[in-house]
């Protein structure tokens, strides 16, 4: 059994982005949704350059494989964080992919 101290040590060395990626590996949809809802925290923690180079491509990959609930969370968060990145045109391809979703809620 892993105790809280071991978990704390593991998390201590991880960046916010690495933690997000780790949380997205779970099979639990609600955990993934919660992780996505911390996107603004990840952007603030890793900075503009890393967000553009790492986070945006990662979100692009997620859109191809995630469930509708996670896609809806991504769409919600993109609507909130676009102001955090000056060159917010980088979100356009992500939004275009989400607009092609079968789920009406995600498209809207």
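No value in this document is a laboratory result; all are computed from the given coordinates. If you're wondering where the values come from, they're calculated on a predicted model, not measured in any experiment. Because the Cβ atoms are built from the backbone with ideal geometry, glycine has one as well, and the counts that use them run over all protein chains shown.
Using Cα pairs closer than 8 Å and at least 6 residues apart in sequence, work out the relative contact order for region 4-107, in percent.
The normalised contact order for region 4-107 reaches 25 percent.
Need one number: the % of Cα-Cα pairs in the chain sitting beyond the 24 Å mark.
Cα-Cα pairs in the chain separated by more than 24 Å: 24 percent.
Quick check: residue separation of residue 28 and residue 87 times 0.36 nm, minus the Cα distance between them. What number comes out in nm?
In short, 18.0 nm is gained.
Can you compute the helix-only [θ] at 222 nm over the chain? Use -39500 (n - 2.57) per DSSP H run of at least 4 residues, normalise by all residues, nearest 500 deg cm²/dmol.
-19000 deg cm²/dmol
Taking R0 as 22 Å, what's the FRET efficiency between residue 64 and residue 14 from their Cβ-Cβ distance, rounded to 0.05? Display every interim value, and only then the final one.
Details: r = 24 Å, r/R0 = 1.11.
Taking R0 as 22 Å, the efficiency between residue 64 and residue 14 is 0.35.
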